[in-house]
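Single-structure report; data block below.
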Amino acid sequence: MDTQQQKLLKILLIGDSCKDIYIYGRCSRLSPEAPIPIFEKDREEIKEGMSANVCQNLINLGCEVTHITNSNNIKKTRIVDDRFGQHIVRIDEINEEDELNLDYLKSCDKVLDEDFDCIVISDYDKGFLRKENTTEILSFIKDKWSKSHIFIDSKKKDLSCFGDNVIFKINDKEFNSVKAFPEKYECVVTLGKMGAAWNGKNYPGIKTEVYDVCGAGDTFLSALVWKYMTNNNVLDGAINFANLCASITVKKLGAYAVTIEDIKLAEKYYA
């Protein structure tokens with residue numbers, strides 16, 4: 001993988017972000033108050049999650065990223081038994097009052113003055129990109145950056161609000177829940193350990209030990225974007241590369257942004 005000769009990609013990234021909080025410890029006895037385990041806390045880690053994880057993955061791949069995201073604090077707290085890497089419970093704190101609208105986007109002078117190679121939407125459907133605002137925002141983006149490719153990862157069930165001529169990346173569960181697509185689109189469906197599918201073709205995943213799937217979709221999306229944009233807009237090669245990068249992420253506990261060194265080692269190992 002030779003990133004030195006690749007063009008520096010300028011990317012506009014829009015989407016919900018959160019703080020991924022990991023509280024590690026152990027459960028070694030039951031509570032006398034109820035038949036539940038007592039968790040003894042050892043340490044705590046905080047990582048950037050959702051679109052912020054996409055952002056870090058893209059940066060690690062050498063991209064220049066302008067990130068528009070929520071200002072409120074969405075938190076996902078995971079309680080993890082450190083002996084086995086086993087998640088015990090996840091606690092979500094979500095403030096849905098913060099949302100992006102077209103007026104705000106138009107007020108971002110530093111954004112409007114830029115030329116972007118592609119637009120990436122990482123929509124976790126937590127309220128930042130509401131359906132009623134999405135159509136006009138995407139319409140404006142397509143007019144403003146008409147030559148830019150648009151990649152979308154969304155948990156919405158009505159994807160028609162994003163309009164035509166976009167590339168979706170969604171997982172198989174989300175794909176089966178979609179109620180409506182736009183008329184013209186491409187859709188890459190991730191299948192977990194089975195890899196991914198596009199245009200009637202399956203792309204096998206990389207066999208590896210899986211410790212945690214958290215953030216694997218973010219890494220897949222970032223790798224798909226980077227490879228597609230630097231490899232003559234070919235989805236086949238981009239999907240295979242994204243599968244490789246996702247296989248690196250699932251070996252790590254917690255959200256993890258792949259590095260160039262990770263990828264080089266993986267390519268050497270699987271060569």
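The values are calculated or read from the model by the stated rules, or taken from the named source; none is laboratory data. Because the structure is predicted, anything quoted here is derived from the model rather than measured. Note that each Cβ is placed from the backbone with ideal geometry, even for glycine, and that neighbours are counted across all protein chains shown. The protein model used for the area step is the full one, side chains on, heavy atoms only, and it has no ligands, DNA or RNA in it. Shrake-Rupley method; radii C 1.70, N 1.55, O 1.52, S 1.80 Å.
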For segment 232-237, 3J(HN,Hα) per residue [Karplus equation, 6.51 cos²θ - 1.76 cosθ + 1.60, θ = phi - 60°, Hz, x = Gly/Pro]: 6, 6, 9, 6, 3, x
Segment 76-146 versus segment 153-202: alpha-carbon centroid distance in Å: 17
The chain: most fluctuating residue of Glu99, Glu183, Glu136 per GNM, C-alpha cutoff 10 Å: Glu183
Counted charge near Met194, where neighbours are those whose Cβ lies closer than 14 Å (Asp, Glu -1; Lys, Arg +1): +3
Fraction of accessible area attributable to carbon and sulfur, the chain (%, probe 1.4 Å): 47
At R0 = 25 Å, FRET efficiency that the Cβ-Cβ distance of Ser139 and Asn176 yields, to 0.05: 0.35
Angle between the chain longest axis and helix 216-230 axis [Cα atoms, degrees, rounded to 10]: 30
Cα-projected label distance for Asp103 with Ile88, points at 7 Å along beta-carbon direction, nm: 4.7
For the chain, built as a Gaussian network whose Cα springs stay under 10 Å, the top-fluctuating residue of Asp117, Asp103, Asp20: Asp103
Accessible surface, per residue, of the chain when the full set of protein chains is kept, probe 1.4 Å, Å²: 52
Ordering of 253-264, 149-160 by burial proxy (mean other Cβ atoms within 10 Å per residue, highest first): 149-160, 253-264
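Need one number: % antiparallel among DSSP beta bridges in the chain, to the nearest 5.
Counting only bridges with both partners in the chain, antiparallel ones make up about 45 percent.
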Relative contact order of the chain, pairs being alpha-carbon contacts under 8 Å that are 6 or more residues apart, as %: 18
Counting DSSP beta bridges with both ends in segment 108-266, the antiparallel % (nearest 5): 25
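Can you give me the Kirkwood hydrodynamic radius for segment 126-271, using every pair of distinct Cα atoms, in Å to one decimal? Please report the intermediate quantities before stating the final value.
Details: mean 1/r = 0.0624 Å⁻¹.
For segment 126-271, the Kirkwood estimate is 16.0 Å.
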Where a label projected 7 Å from the Cα of Arg43 along Cα→Cβ would reach, residues of segment 77-111 with amide N under 13 Å: 82-83
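In percent, what relative contact order does segment 93-157 have, based on Cα pairs under 8 Å that are 6 or more apart in sequence?
Numbers: 64 pairs, mean separation 29.8, N = 65.
For segment 93-157, the relative contact order is 46 percent.
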Linear extension gain, Lys19 paired with Lys157, 0.36 nm per residue minus alpha-carbon span: 47.2 nm
Acute angle (nearest 10 degrees) that the helix 51-60 long axis makes with the longest principal axis of the chain, alpha-carbon atoms: 70
Two-site FRET efficiency, Arg29 against Lys201, from Cβ-Cβ distance with R₀ of 45 Å, rounded to 0.05: 0.30
Amide H contacts of Phe168 (H built 1.01 Å from N, under 5 Å, at least 5 apart or other chain): Ile152, Glu186, Cys187, Val188
